[in-house]
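One structure is given below, encoded as structure tokens.
The values are calculated or read from the model by the stated rules, or taken from the named source; none is laboratory data. Note that the structure is predicted; figures quoted are calculated from it, not measured. As a convention, Cβ positions derive from the backbone with ideal geometry for all residues, glycine included, and neighbour counts pool all protein chains shown.
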Amino acid sequence: MTNPFPFQIESIVIPGFKLQAVVAALLEASQWFAVMPLPDEDWQISVKVETLDMLNGIVQHVTDHGTPTEDQPAPVRIAVAIEGGLVQSICSDQHQLAGQLVDIAIVDYDTDGVEDDEITLVTQDNGDQARARVIGWGIEPADINLDEVFG
């Protein structure tokens, strides 16, 4: 079959049970691809040559971590970025979480130099109360590769 596209493509064959997760990842990454069914429930996925390594990485991730099912949905992946001991951001690759009503609190027990009006007493599992600075956060779309973070 000749290539009808104005760019070079490469193709791989994957089993059908991996198709949905692979296609979802390609869509999430805004990558061009074409999918064609093959006999025996296999699928051929074609991508631009420069995207082949990404596609192979996605397939490997699906192979290593399985595909989500209705009984076992994909876990919510949230990363907390800290620099210099301070939270810089909280992000997720599940962009539908950004701006949603998800309550996140950073409980910082390092209260040196913190004003008394910024202190919250937090009851511990043994009943004692500890001084902490509690800061609320929201979730932002991930601007880092969470596949690398969660390995």
Odd one out for ASP108, checked against (1) among the charged types (D, E, K, R); (2) modelled with pLDDT of 85 or more; (3) not assigned by TED's automatic domain parsing to the domain that holds ALA132: (3)
Any chance GLU41 is without any contact (Cβ under 8 Å) to a residue 40 or more places away in the chain and either out of contact with any strand residue (DSSP E or B) (no Cβ under 9 Å at 6 or more places or on another chain) or over 27 Å from ASP93 (Cα atoms) (or both): yes
Filter result (surrounded by 12 or more Cβ atoms within 10 Å (Cβ to Cβ) and among the aliphatic types (A, V, I, L, M)) within segment 39-59: ILE45, VAL47, LEU52, MET54, LEU55, ILE58, VAL59
Residue that is nearest to ILE78 (Cα to Cα) [pool: residues in segment 111-143 that are over 30 Å from the mean Cα position of the chain (by Cα) and small (Gly, Ala, Ser)]: ALA130
Residue in segment 4-18 that is modelled with pLDDT of 85 or more, polar (S, T, N, Q) and loosely packed, with under 13 Cβ neighbours inside 10 Å present: yes
